[in-house]
Amino acid sequence: MVFSSLIFTFYFLPIVLLLYFLAKDKYRNYILLGVSLLFYAYGEPRFVFVMFAMILTNYKMALWINKKKEVSANVFARNLLILTIVFNLSILFLYKYLDFSIDILNFFLKTNLPLQNIVLPIGISFFTFQALSYVIDVYRGNAQVQKNPFYLALYISFFPQLIAGPIVRYQTIEQQITQRKCTIEKFGEGGRRFLLGFCKKVILANHLSEVSTVISEGIITQTNPVLLWIGSICYSLQIFYDFSGYSDMAIGLGKIFGFEFEENFNYPYISKTITEFWRRWHISLGQWFRDYVYIPLGGSKMSVPKNLLNLFIVWSLTGIWHGANFNFVAWGLGYFILLAAEKYVIKPDKRKSKVLKIIWQIVTLLSINFGWVIFRAQGIKEGIQYCFAMLGYYKIYELLDSSVIYYFREYGFFMLVGVICVTPVIRKIGDFADRNRRAAYIRDVATPICYGLCFLWAVSYLILGAHNPFIYFNF
């Protein structure tokens with residue numbers, strides 16, 4: 001079940017809201033747990049048992065770790081933590097990386113081991129990382145151990161952020177599980193945030209995906225380079241509106257139920273450097289790798305070779321986290337090379353020349369765009385071929401041929417809106433309205449009308465059965 005579907009919007013969510021707000025406070029967490037498990041079981045019920053196993057194991061191990069820490073048996077507690085981490089990563093490996101590993105063994109050892117073709121549980125990378133963060137934070141003393149197994153189950157399985165993030169750290173919401181307030185203001189703010197994400201996903205991401213999908217499925221070596229650029233830019237916009245739209249819906253739903261989740265995106269495409277981009281894009285994942293991998297390895301407080309090794313490990317894992325394919329590994333390692341070059345060679349933050357800073361910002365945007373080409377490709381070869389074709393390596397065509405004109409005519413509006421809205425233009429208009437009484441009045445009147453019209457527009461596409469994928473469900 002996806003948020004941008006008729007069954008969720010008009011059946012599941014209204015029923016959940018009715019049950020939740022009619023119930024007494026002491027029953028609300030249990031209602032959320034029940035509907036979260038039902039939400040996850042809607043697509044593939046058997047995977048609920050995988051989640052049950054992870055919840056129960058992490059619950060018991062965290063209690064044991066906390067107990068051993070209290071009696072100063074730190075070595076034993078650390079060994080229990082390592083065992084728990086191995087368990088969680090083993091489950092993730094079994095479902096996500098086993099066949100990939102078999103492919104690698106068959107390639108290098110010239111064996112013919114059969115693939116297992118194990119179906120990937122939706123969102124397993126997200127809820128595995130949440131389970132890991134809980135146990136690690138308990139071990140470090142950054143969070144109190146949860147003695148109620150149902151509350152821990154709610155944290156790991158909470159449906160708004162269960163299958164595509166953001167990755168919620170237990171320490172950020174441990175108090176909210178038992179001490180949160182649902183107010184009309186929060187409900188209204190959460191509803192607006194949900195509608196924003198819903199419209200970003202259905203109106204922008206879905207239309208942009210039609211362009212990027214059709215172009216990428218063509219014969220790349222025989223496609224106009226301008227058309228390939230259109231396809232790559234549309235995919236860059238699509239993945240942003242797809243993922244940030246889902247994060248908006250998750251944050252909005254959380255707020256409706258009284259939870260405050262941290263932001264996951266902050267205008268990443270206005271970044272001036274690669275480093276800044278990863279502080280603005282998928283913030284919860286970047287912070288997770290920083291706090292649980294990079295800093296424990298020593299972070300940047302090491303010699304240059306060791307710091308480069310730390311960066312290599314983190315970005316290899318970042319690539320692999322996104323998928324069991326060599327193109328994801330190449331995508332992650334590409335960012336390792338860019339970040340290492342930026343940190344030790346380019347050093348854009350220390351440059352005084354505005355021209356050089358502008359040039360590096362352009363390089364940053366181009367690198368991100370080419371990176372998404374590799375990310376989206378079926379394999380490294382296909383991704384590299386697409387990149388070379390974008391540069392006119394195979395053949396130069398008429399720049400504005402009929403196909404280019406067609407896509408600009410049919411989808412130009414969505415491209416233009418997509419480009420405008422990745423910048424803080426709308427936010428700055430709002431800031432101006434805050435300082436001008438007349439502008440504020442117009443905004444207050446126009447905003448709910450715009451939200452309502454856009455929601456009806458988005459729903460009309462769903463009724464017509466428009467293309468409605470979610471990219472990050474695969475991870």
Along the three principal axes, how long is the chain when you take its alpha carbons, biggest first, rounded to the nearest angstrom? 73, 62, 52
Expressed in square angstrom to the nearest 10, the accessible area of Cys182 with a 1.4 Å probe stands at 50 Å²
Keeping every protein chain in place, order Ser402, Ser300, Ser4 by accessible area at 1.4 Å, biggest value first, i.e. largest first. Ser402, Ser300, Ser4
What whole-number value in Å² describes the accessible area per residue of the chain for a 1.4 Å probe? 50 Å²
Quickly estimate the mean residue ellipticity at 222 nm for the chain, helices only: each DSSP H run with n ≥ 4 gives -39500 (n - 2.57), and the total goes over all residues, rounded to 500. -21500 deg cm²/dmol
Roughly how many Å is it from the Cα centre of the range 1-25 to that of the range 194-213, as a whole number? 22 Å
Rounded accessible area of Ile65 (nearest 10 Å², 1.4 Å probe): 0 Å²
Which shape class, rounded, prolate or oblate, goes with the range 126-167 when its Cα gyration tensor gives a ≥ b ≥ c as root eigenvalues, a/c under 1.5 marks rounded, and past that a/b bigger than b/c marks prolate? oblate
Given a 1.4 Å probe and heavy atoms of the protein chains only, how would you sort Trp229, Trp64, largest accessible area at the top? Trp64, Trp229
Per its Cα gyration tensor (rounded if a/c is under 1.5, else prolate when a/b beats b/c, else oblate), the range 278-390 is best filed as oblate
For the range 176-278, shape from the Cα gyration tensor axes a ≥ b ≥ c, cut at a/c of 1.5 then a/b versus b/c, turns out prolate
Can you send over the solvent-accessible area of Glu217, 1.4 Å probe, protein chains only, in Å² to the nearest 10? 140 Å²
Order of exposure, largest accessible area first, which applies to Arg409, Arg435 with probe 1.4 Å: Arg435, Arg409
Give the aspartates and glutamates whose C-alpha is closer than 15 Å to that of Lys272, dropping any in the same chain fewer than 8 places away, or say none. Glu342, Asp349
Over the chain, what is the relative contact order in whole percent, taking alpha-carbon pairs under 8 Å and six or more residues apart? 18 percent
Spatial separation of Cα centroids for the range 427-444 and the range 55-111, in angstrom: 52 Å
Inverse of mean 1/r across different Cα pairs in the range 1-154, Kirkwood, Å: 18.0 Å
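The values are calculated or read from the model by the stated rules, or taken from the named source; none is laboratory data. Every value quoted in this text rests on a predicted model; they were computed, and no experiment measured them. For accessibility, only protein heavy atoms count, side chains too; no ligands or nucleic acids. Shrake-Rupley method; radii C 1.70, N 1.55, O 1.52, S 1.80 Å.
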